[in-house]
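Here the structure comes first, spelled out in structure tokens, and everything after it is commentary.
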Amino acid sequence: MAVRFEPHGHDLPGFWGDTSSSIDWCERNFVVSFYIAEFFNAFSSLTLCVTGGYIWYQAWRDSLELRFYALGMSVVVVGLGSAAFHGTLQFWGQMWDELPMVWSMLVCFYCHFTIDHPGSWTIALALFAYGGLWAVVHVHGAFTTAFQLHFVLMVLNSFYLLRSATRYYARLQYFRSGEVESDGKPGPRRQGKMFLQAYQRLRLMGLLDMWFVLVAVCFWLCDQFACSHLHNLPGGVPNPQLHAVWHLLTAASSHFGCQFLLVLRQSVKDNAPPESEWPWSFWGYMVRTRPEMKGALAKQNKAE
């Protein structure tokens, strides 16, 4: 029997028939469209496809390692699976939502674990085995609460890895002091300032990843535990569809979390400060390392 957050009696009959998923969210079913169970939840899920598609495009454009193709594609699959789940409220759609969420986190873990070396078949196979075992257990049980707790632990672990990666970069002591060289090129002092600014932008990506998730969780919880109130707001205000807002915020979090990995891996690989562009003060993404900055960190360390 499905866990329902919205009282019975307000749904309409739809193309997909009765719900077979183990959870039914706050949005009323088949109200907007006969073919889409939760219209707003389904379409907001597609923002994850945009996020993942852009990561995949960056990997192709900059000839990045295979892990980043997998990272982008995993986010796309999460978006498609979430749309299938909310669009049908069928068990198969739920599995296409929840299993890719776990697999996407495992790909993220792999990128963290191999941030400073080309790759590891041992780590890849271990994570693959874990993901396969979890898939078998979850498909046979569809443990709603267990899945949610498991995913929370995975997110908390990703926060720990992100914080550790940020500290790892800072421990390399890239921020030097000195004078401008005689040929007018950036000397150690100016380079040190550039490295510090680059590090601060990298750290901001990590912070935005975490803050978007934390705010998204607040909306997710409100959608569940205040559902009856959301459908009876004063003045006839319609349900604000907070689960759809959760999708938008998690797409933003996924963007910054993945960009953090792209930027840091490129920095380690090129031995250069982390390169990112921020066309707006609140939105950033990885850009290619400038040719003159490749190897700059090695030169700084050698000068020491």
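The values are calculated or read from the model by the stated rules, or taken from the named source; none is laboratory data. All figures in this text were calculated on a predicted structure; none of them were measured in a lab. Cβ coordinates were reconstructed from backbone atoms using ideal geometry, including for glycine residues, and neighbour counts include every protein chain displayed. Calculation scope for accessible area: heavy atoms of the full protein, side chains included, ligands and nucleic acids excluded. Shrake-Rupley method; radii C 1.70, N 1.55, O 1.52, S 1.80 Å.
Restricting attention to the range 44-55, which residues are among the hydrophobic types (A, V, I, L, M, F, W, C) and surrounded by fewer than 20 Cβ atoms within 10 Å (Cβ to Cβ)?
The answer is 46, 49, 50.
Out of all the residues in the range 144-169, which are among the hydroxyl-bearing types (Ser, Thr, Tyr), open to solvent by 30 Å² or more (accessible area, probe 1.4 Å) and within 18 Å of the chain's Cα centre (by Cα)?
Once the filter is applied, which keeps residues that are among the hydroxyl-bearing types (Ser, Thr, Tyr), open to solvent by 30 Å² or more (accessible area, probe 1.4 Å) and within 18 Å of the chain's Cα centre (by Cα), the range 144-169 yields 160, 164.
Identify all residues within the range 14-26 that are out of contact with any Leu (no Cβ under 8 Å at 6 or more places or on another chain) and open to solvent by 10 Å² or more (accessible area, probe 1.4 Å); write none if there are none.
Passing the criteria: 14, 15, 17, 18, 22, 25.
Among (1) part of a loop (DSSP other than H, G, I, E, B); (2) at pLDDT 95 or above; (3) not polar (S, T, N, Q), which single condition is residue 30 missing?
Unmet condition: (2).
Does residue 128 satisfy being among the aromatic types (Phe, Trp, Tyr), open to solvent by less than 20 Å² (accessible area, probe 1.4 Å) and in a helix (DSSP H, G or I)? Break it down stepwise before answering.
Working: among the aromatic types (Phe, Trp, Tyr): yes; open to solvent by less than 20 Å² (accessible area, probe 1.4 Å): no; in a helix (DSSP H, G or I): yes.
Against the criterion (among the aromatic types (Phe, Trp, Tyr), open to solvent by less than 20 Å² (accessible area, probe 1.4 Å) and in a helix (DSSP H, G or I)), residue 128 does not qualify.
Is it true that some residue in the range 216-234 is assigned to a helix (DSSP H, G or I), farther than 19 Å from residue 25 by Cα and free of Cβ contacts under 8 Å to residues at least 24 places away in the same chain?
Looking through the range 216-234, at least one residue is assigned to a helix (DSSP H, G or I), farther than 19 Å from residue 25 by Cα and free of Cβ contacts under 8 Å to residues at least 24 places away in the same chain.
Is there a residue being among the aromatic types (Phe, Trp, Tyr), farther than 19 Å from residue 272 by Cβ and either modelled with pLDDT under 90 or in contact with a Leu (Cβ under 7 Å, 6 or more places away or on another chain) (or both) anywhere in the range 201-214?
yes
What do you reckon, is residue 71 closer than 26 Å to residue 157 by Cα and open to solvent by 10 Å² or more (accessible area, probe 1.4 Å)?
Values: closer than 26 Å to residue 157 by Cα: yes; open to solvent by 10 Å² or more (accessible area, probe 1.4 Å): no.
Considered against the rule, which asks whether it is closer than 26 Å to residue 157 by Cα and open to solvent by 10 Å² or more (accessible area, probe 1.4 Å), residue 71 comes out as no.
Taking the criterion of being more than 19 Å from residue 159 (Cβ to Cβ), open to solvent by less than 40 Å² (accessible area, probe 1.4 Å), in contact (Cβ under 8 Å) with a residue 60 or more places away in the chain and out of contact with any helix residue (DSSP H, G or I) (no Cβ under 7 Å at 6 or more places or on another chain), would at least one residue in the range 90-98 satisfy it?
yes
Residue under question is residue 105, and the condition is that it be closer than 30 Å to residue 276 by Cβ and either under 20 Å from the mean Cα position of the chain (by Cα) or in a loop (DSSP other than H, G, I, E, B) (or both); does it hold? Outline the logic, then answer.
Working: closer than 30 Å to residue 276 by Cβ: yes; either under 20 Å from the mean Cα position of the chain (by Cα) or in a loop (DSSP other than H, G, I, E, B) (or both): yes.
Taking the combined requirement at face value, the residue satisfies it.
For residue 218, which of the numbered conditions (1) closer than 24 Å to residue 148 by Cβ; (2) modelled with pLDDT under 90 fails to hold?
Unmet condition: (2).
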